[in-house]
Each structure stands twice: as C-alpha cells, then as structure tokens.
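Single-structure report; data block below.
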Amino acid sequence: MDKNNYYRSIPKVDILMENEEIRKLSEMYTRDFVLQSVRKATEDLREYIRISESEDEIRKKIDNILEYIKNDLDEYISFNMKKVINGTGTILHTNLGRAVISEDIAEKINKIVTGYSNLEYDLQEGVRGSRYSHFEKIITKITGAEAAMAVNNNAAAVLLILNTFAKDKEVIVSRGELVEIGGSFRVPDVMEHSGVKLFEVGTTNKTHLYDYERAINVDTAALLKVHTSNYQIVGFTESVSLEELIKLGRKYNLPVIEDIGSGVLIDLSKYGLSYEPTVQNSINAGVDIVCFSGDKLLGGPQAGIIVGKKQLIDKLKRNQLTRALRIDKFTAIALECVFREYIDERKAVKNIPVLKMILKSFEEIHQQVKDLYNILNPILGSYCELNIQKCESQIGGGSLPLERLISECLTIKPKSMTTAALEEKLRLQEVPIVGRIVNDYFMLDLRTVTLEDMEIICDTFKKMIVMGEII
Ligand SMILES: *Cc1c(COP(=O)(O)O)cnc(C)c1O
C-alpha cells in the first residue's frame, strides 16, 4: 500500500484551525488550548497511518479527524468530577463520596466560603481565634467531653494522637484489633508512620486484661483500643472492655486512647439496628482520648474528630503535625452544622441524609420502586425485562458490617444486549447511574436514590432509547 497519499491527505493544521466548529472552540477556550489538540490529532493520525495495514480504517480515521479533536478537547473541557446516582444501596460508599451532605449544610458552606468568615478570628475579643471554636462547644456538650478538635480524617487523627503521646515509645494494642479499613488504613502501618512502636498483645480471637498488664514497661506510653468497625470475630473470643482498660490505664498512669471508627452520637439500637458504640459511652467510661470519622455514620464532612481530656487535646493542638493535618473552612462550617443537628436527636434522624437513608422505611422504598417501574416499563418494556425484587442494602464505609437492611430494587435485564453492556452505558451517561449486577440482572436499589434522582433516571433512560443506546 502506498501510504504517501494518505499522509498527504491529512488536513493541514492551519486549515483545521479555520474550521467553523474549531474556530468557535478557539473563541471559548483560547487558540493555544485548541491548537494543541489539533496538532496532537494530526500527529496521532500520522502515526496511525504508519502502523495500520487497513486502508478502510485509515480512510475512516482521516474522515473523522474533527470528531477526534473534539473528543480530545472534551476530556479537558467537560467536568471530570460529577454527580452520580447511587443505585447500589450502599449508603456510605467510599468510591462514591461516602456521606451525603444535606442541601441545608451545602447552603451554609456556600455562604461561608464565597466570602470572608471568622474562621480563625475571635469576634468578641478582636484577636486571633481558633478554627475549632465553631464546633468545640457543641460537640463537648453533646458528648460530655472536656475539649475537641478535628483534622483531615480519622486516619490523620490516629496518626496525630499517637505521634503526640507516644513518639519513640510503645503503645499496647490487642492483636484482635489490628484492623485494616478500606485497604489503605492499617493500624500497624499508621502506628509505624507516627513514630510509635506497636506492642501487640493477645491472639486474634482472645486478649485478656493480664496480656495488657504484662506488656506494660518503662517504654509504654499509652493503651490503644481500636473498634473493629468492619468485621466481627465470633465464637471462642474474648476482648478487654474499654472500662477495664481504663482502670488499668489509671493504675499505671497511662492514657487510654480509643479509635472508635464511625463516631455514632445516637444509640442506633433504638431504631432496630445493632448497637454501635457511641462517643458519649466512651467519654462516660472515662476514656482519655477518642477519635472518629466525620463522614461515616455521623453523616458529616470528611474529618477526623478528636474529643477527650482538655489537657491532652491542648497538647494535640500544639503539635506541629496539626498544622499539616488541619481542616479547612469547608469542613469547619460543615462540622458545626452537623453537630447542631445532634442537639435534638429527632432533628438528626430527620435531617442527616445518612441517617435518613439508614432509617428509610420499606414502604417508602417500595413506593419509589413501584413509581419507577410504572414510568419505565412502558418505555423500556420492549427492550428490557423489568421486575421489582426484594434485596438487602448495606451501610458500608466499614460500619456495621453485619447489618443488612431489607430493601427493594428494580431489576433490568436487556433482551438483546448484555447486562454488562447496559451497566457500562448507564455508567457513562451525563449523570452516571451506578448499580449492581447480580445473577446477570442489573439492579437499582432505591434506598440510596432520592426523588430528584428518580426523575434523572427516567430522563436518562428516555434519552438512551432515543439515541439507540438500548437495543
Ligand atoms: C474508618 C476507620 C478509620 C479511618 O477513618 P477515615 O476517616 O476514613 O480516615 C480508622 N479507624 C477505624 C476503626 C475506622 O473504622
């Protein structure tokens, strides 16, 4: 094949830049920005001609060069991070952004960040203030702790606490609590990075109080208890309660630190869920320091909240690491908002999306599934088989791992395309719809789908049919 003809038929960069559509894009995004994509397209085409053996394919590529340029530009122009519809039923889905924040809180954040604020300014005294002051009073009142602060996330909180109280010393922790959370937080690794030597005691299934006591030596700086958020050991097991550990800590004058994971502020067993240790419970028991995530069951922004004895919290605030791990104004205001909801538990369960989704009734979900079915079946029915089916939602985020929430989903099985192809197409929509495939059925669990989402789902399917994306 004589490729020279093809090389010659690659449109010249100048000519492409004169194209009506390209010119419009240049006006919007500057000539230089567009020029780069145009150059890249012609270079890629030249390379393609060099390696390809199919004249048909080469011709097609040359004919489609404008599309190629526009697609390339689109990767830079269109937003990468976008709203997604979560049809997985997993409420705290770390890949999908974990805790959803309410509109009310988003509005508050908007007001604070689009102008100046008293983030670190004491309005009363006219002097420099603390970014923790906005939520410290409320969270201490709710939990009964003496003082509070927050850092970037709970992993950072654990790092900071260990580094502050036990650098170059030993911290005793049970082998049954050396957890890994979400693949990237491992208790032993975090301890190592904080400059602390881990002293493991007990076995995977059993740790006794005497295991801790025997391990205490002159280098011991603290006793650590980690909530095994995402798994449970059942059967022949024994662990030391927080109360016992605190007694031991008092006896040897060692601080007891607890990583409680999810940071629940209300007793979830009242609502028919398993009991998850509350922060108040730990404070009541007399723990010195407890830390937890902001965006797990608490339902707030990503943060690591630390509460406990004032003297110790003050020491944390003075650690240079705190400067590197500090929260920004988005988080400070969001935390203040979320904690305010917890002043009245009834408000919390009504206004915090995470709690609302956990407590969403089967009837409510059933109504939503029926409505969605009734709208979608007439338009999708000739392409797909639709059904309503019971399913189980998970809380996720390594919280309450054994809890299964009875839910209902819409299952969709395409008649001629594969279920995997449908799943991919839905995932690539303007507002991506993410679901699960179970036994070759595409499932949308409506526990995590709002009424506004339902409209988007319907519009998306309608559009996909018009565009011939569902066959
Ligand atoms: C989730 C979790 C962490 C990590 O919290 P992030 O806020 O995700 O950093 C640490 N410890 C425990 C026990 C957890 O459950």
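For the pair V466 and N118 in one chain, pulling the backbone fully straight at 0.36 nm per residue adds 120.1 nm over the alpha carbon distance. Working from Cα positions, state the angle (0 to 90°, nearest 10) between the long axis of helix 103-113 and the longest principal axis of the chain. Once rounded, the angle reads 90 degrees. Remark on V438: its backbone amide H falls under 5 Å from those of M443, a criterion applied only to residues 5 or more positions apart or on other chains, H modelled at 1.01 Å from N.
Our summary gives region 342-411 a relative contact order of 30 percent, counting only alpha carbon pairs under 8 angstrom and 6 or more residues apart. You can think of it this way: the chain between D44 and E345 has 102.3 nm of extra reach, that is 0.36 nm per residue less the Cα-Cα gap. Each part reduced to its alpha carbon centroid, region 393-471 and region 130-178 end up 38 Å apart. Select from I216, Y231, F292 the residue farthest towards the positive end of the dipole of region 212-303; place +1 on Cβ of Lys and Arg, -1 on Cβ of Asp and Glu, and compute about the Cα centre. Sorting the options by dipole projection puts first I216. For region 140-246, the tally of Lys pairs with Cα-Cα distances below 23 Å comes to 7, considering only residues 8 or more apart or on different chains.
Partners of K463 within straight-line reach, counting lysines whose Cα lies under 23 Å from its Cα and excluding those fewer than 8 residues away in the same chain: K70, K82, K83, K370, K413, K415, K425.
Each of M28, M464, M417 was scored by other Cβ atoms within 10 Å of its Cβ. Arranged with the fewest first, they read M28, M417, M464.
Between the helical axis of 20-29 and the longest alpha-carbon principal axis of the chain there is an angle of about 20 degrees. Taking GluC sites (Glu not before Pro) across region 32-132, the ones in a DSSP loop with at most 12 further Cβ atoms lying within 10 angstrom of their Cβ are E53, E125.
Amide H contacts of S407 (H built 1.01 Å from N, in plane; Pro and chain starts excluded): C391, E392, S393 sit under 5 Å, all sequence-distant by 5 or more or on other chains. Between K315 and R427, the FRET efficiency estimated from the beta carbon spacing at R0 = 45 angstrom works out to 0.45. Computed from backbone phi with θ = phi - 60° and the Karplus coefficients 6.51, -1.76 and 1.60, the 3J(HN,Hα) list for region 292-308 is 7, 7, x, 10, 9, 5, 4, x, x, x, 4, 5, x, 9, 10, 10, x Hz; x is used for glycine and proline. Between the listed residues A421, S407, I433, the Cα displaced farthest toward the positive end of the dipole of region 399-443, a dipole computed from Cβ unit charges relative to the Cα centre, is found at A421. Basic side chains Lys and Arg get +1 at the Cβ, acidic Asp and Glu get -1 at the Cβ, and with that the dipole of the chain about its Cα centre reaches some 980 debye. Projecting the Cα atoms of I266, V13, M454 onto the charge dipole of the chain, computed from C-beta unit charges around the Cα centre, puts I266 farthest toward the positive end.
For region 114-126, 3J(HN,Hα) computed residue by residue from phi via the Karplus equation (6.51, -1.76, 1.60; θ = phi - 60°) reads 8, x, 8, 8, 8, 2, 10, 9, 7, 5, 5, 9, x Hz, glycine and proline entered as x. Annotation: the residues S282, S184, sorted from fewest to most other C-beta atoms within 10 Å of their own C-beta, follow the order S184, S282.
By the helix-only formula, in which each DSSP H run with n ≥ 4 contributes -39500 (n - 2.57) and the sum is divided by residues, the chain has a 222 nm mean residue ellipticity of -13500 deg cm²/dmol. The separation of region 57-83 from region 309-369, counted between C-alpha centres, amounts to 41 Å. Modelled this way, with points 7 Å down the Cα-to-C-beta line, the labels at Y373 and L386 are 1.0 nm from one another. Once both labels are positioned 7 Å from their Cα atoms along Cα-to-Cβ, the gap between Q36 and S274 label points is 5.0 nm. What you get for region 58-205, charging only the Cβ of Lys and Arg (+1) and of Asp and Glu (-1), is a dipole of about 300 debye around the Cα centre.
When only Cα pairs below 8 angstrom with a gap of at least 6 residues are kept, region 78-132 shows a relative contact order of 15 percent. In a fully extended conformation the segment linking Y76 and D104 would gain 6.9 nm over its present Cα-Cα distance, using 0.36 nm per residue. Loop-located chymotrypsin sites (Phe, Trp or Tyr not before Pro) in region 77-136 (DSSP state not H, G, I, E or B) with no more than 14 neighbouring Cβ atoms inside 10 Å: F79, Y116.
Axis angle, to the nearest 10 degrees, between helix 31-51 and the longest C-alpha principal axis of the chain: 70 degrees. For K270, the lysines whose Cα comes closer than 21 Å to its Cα, not counting residues fewer than 8 places off in the same chain, are K296, K347, K350, K356, K360. Give me the one-decimal nm value for the distance between modelled label points at K141 and Y7, 7 Å along each residue's Cα-to-Cβ direction. Here the modelled spin labels are 7.8 nm apart.
Footprinting exposure proxy ranking of D122, D72, fewest other C-beta atoms within 10 angstrom first, gives D122, D72. So which trypsin sites (Lys or Arg not before Pro) in region 46-150 are both in a DSSP loop and have at most 10 other Cβ atoms within 10 Å of their Cβ? Taking region 46-150 and a limit of 10 other Cβ atoms within 10 Å, the loop trypsin sites (Lys or Arg not before Pro) found are K82.
Rule-based calculations on the coordinates, nothing more; no lab input. The shown structure was predicted, so the numbers you read here are calculated from the model rather than taken from an experiment. In this analysis, Cβ positions are derived from the backbone assuming ideal geometry, glycine residues included, and neighbour counts consider all displayed protein chains.
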